[in-house]
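K.L.:
Please see the structure below; I have some questions.
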Amino acid sequence: MDIALFSTSSLFAEEDDDDDIHTKDEENAETHETYVERKHQFPGMELIIREFSFHQLNANLLWPGTFAFAEWLVQHRSCIEGRRTIELGSGTGALAIFLRKSYNLDITTSDYDDQEIMENIAHNCGANDLPVIPHIKHTWGDKFPNSDPDWDLIIASDILLYVKQYPNLIQTISFLLKSYKHGDRTTVSPTGNDETHGDVVLPWPAFLMSWRRRIGKEDESIFFNGCENAGLEVKHIGSRVYCISPIENEKSNKCLMKKVSVQASAGGE
């Protein structure tokens with residue numbers, strides 16, 4: 001059920017020659033008509049999400065890929081447990097809100113350097129009984145506001161719409177992945193899962209992306225080839241979910257997984 005927001009005062013306004021009053025009423029009506037509040041079903045919960053009726057930066061609506069990605073993450077929750085996460089192209093913030101409510105995930109939202117998007121995400125947090133999730137205003141390709149980012153997981157869904165933005169997107173992804181410092185981390189999966197048991201085990205750091213909106217194979221190739229040219233490895237891990245990570249980290253991650261596996265075996269003896 002859609003809940004359209006509008007001002008009831010416009011239904012009862014009396015005629016008035018004062019242009020200022022008419023102007024104010026018209027501005028209020030315009031403001032209320034730019035949003036629509038909808039109830040959306042996510043795994044195990046219903047969220048109330050305010051969406052833009054129109055937004056020039058296309059951050060206005062929830063796309064089907066968001067729901068499919070949420071389902072995938074529920075089925076592979078070990079991929080996100082214990083991770084410090086940032087979402088690119090958050091739009092309404094719905095996916096981040098779902099993950100915070102479901103798993104208390106340490107997550108930051110981000111989208112274009114646009115005040116209206118940030119304020120709408122904050123509104124949606126409040127509408128779903130959450131404190132405001134941290135948000136970073138960042139336009140892909142621009143200098144990142146945080147010069148020393150330490151997110152070990154980046155997530156996004158349905159963000160490959162504009163081919164001309166691929167180089168900027170890849171620049172941002174590459175910066176975030178390659179700026180991550182491993183520190184003293186001694187585990188690969190907080191739940192002890194590994195690929196030998198059929199689990200999906202992500203490298204640290206990793207960019208996890210769900211892409212459901214069909215585009216031409218040529219356009220997909222432009223993005224994936226661009227990632228590889230930037231020193232990133234791309235893996236399709238099923239259900240149109242892709243894992244992208246720095247190539248130079250692959251060897252160290254495999255060594256670390258082997259070490260953890262040996263430690264786990266020794267502990268079970």
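K.L.:
Considering each of 239, 252, 221 in turn, give the residue that is open to solvent by 30 Å² or more (accessible area, probe 1.4 Å), more than 21 Å from the chain's Cα centre (by Cα) and at pLDDT below 90.
P.N.:
Being open to solvent by 30 Å² or more (accessible area, probe 1.4 Å), more than 21 Å from the chain's Cα centre (by Cα) and at pLDDT below 90 holds for just one of 239, 252, 221, which is 252.
K.L.:
Give 142, 148 a once-over and let me know the one that is under 30 Å from residue 248 (Cβ atoms), assigned to a loop (DSSP other than H, G, I, E, B) and modelled with pLDDT of 95 or more.
P.N.:
After applying the criteria, what remains is 142.
K.L.:
From the list 247, 215, pick out the single residue that is open to solvent by 20 Å² or more (accessible area, probe 1.4 Å) and either at pLDDT 90 or above or of a type in the set (Phe, Trp, Tyr) (or both).
P.N.:
Answer to the selection: 247.
K.L.:
Contact list please: Cβ distance under 6 Å, first residue in the range 162-191 and farther than 18 Å from residue 203 by Cα and open to solvent by 20 Å² or more (accessible area, probe 1.4 Å), second residue among the acidic types (Asp, Glu) and at pLDDT below 95, pairs at least six apart or on different chains.
P.N.:
What qualifies is 163/219.
K.L.:
Suppose the filter is modelled with pLDDT under 70 and either in contact with a helix residue (DSSP H, G or I) (Cβ under 8 Å, 6 or more places away or on another chain) or charged (D, E, K, R) (or both); does residue 259 pass it?
P.N.:
When the stated conditions are applied, residue 259 passes them.
K.L.:
Does residue 154 satisfy being in a loop (DSSP other than H, G, I, E, B), among the hydrophobic types (A, V, I, L, M, F, W, C), at pLDDT 95 or above and open to solvent by less than 10 Å² (accessible area, probe 1.4 Å)?
P.N.:
no
K.L.:
Any residue that is of a type outside the set (D, E, K, R), modelled with pLDDT under 95 and surrounded by fewer than 18 Cβ atoms within 10 Å (Cβ to Cβ) - is there at least one of those in the range 90-111?
P.N.:
no
K.L.:
Tell me, please, whether a residue that is closer than 22 Å to residue 234 by Cβ, at pLDDT 95 or above and not aliphatic (A, V, I, L, M) can be found in the range 180-199.
P.N.:
So far as the range 180-199 goes, no, none of its residues is closer than 22 Å to residue 234 by Cβ, at pLDDT 95 or above and not aliphatic (A, V, I, L, M).
K.L.:
Select from the range 103-124 the residues that are without any contact (Cβ under 8 Å) to a residue 60 or more places away in the chain and touching a Gly at 6+ places or on another chain (Cβ under 7 Å) and write down the one among them that is farthest from residue 171 (Cα to Cα).
P.N.:
Going through the qualifying residues, I end up with 121.
K.L.:
What tally of residues in the range 94-129 results from selecting those that are touching a Pro at 6+ places or on another chain (Cβ under 8 Å) and hydroxyl-bearing (Ser, Thr, Tyr)?
P.N.:
Result for the range 94-129: 3.
K.L.:
OK, next. Is one or more of the residues making up the range 60-74 more than 25 Å from residue 238 (Cβ to Cβ), open to solvent by 10 Å² or more (accessible area, probe 1.4 Å) and in contact with a Pro (Cβ under 9 Å, 6 or more places away or on another chain)?
P.N.:
No, there is no match, as no residue in the range 60-74 is more than 25 Å from residue 238 (Cβ to Cβ), open to solvent by 10 Å² or more (accessible area, probe 1.4 Å) and in contact with a Pro (Cβ under 9 Å, 6 or more places away or on another chain).
The values are calculated or read from the model by the stated rules, or taken from the named source; none is laboratory data. Keep in mind that this is a model prediction, so the values were computed, not measured. Note that each Cβ is placed from the backbone with ideal geometry, even for glycine, and that neighbours are counted across all protein chains shown. Areas reflect the complete protein model, heavy atoms only, side chains present, ligands, DNA and RNA absent. Shrake-Rupley method; radii C 1.70, N 1.55, O 1.52, S 1.80 Å.
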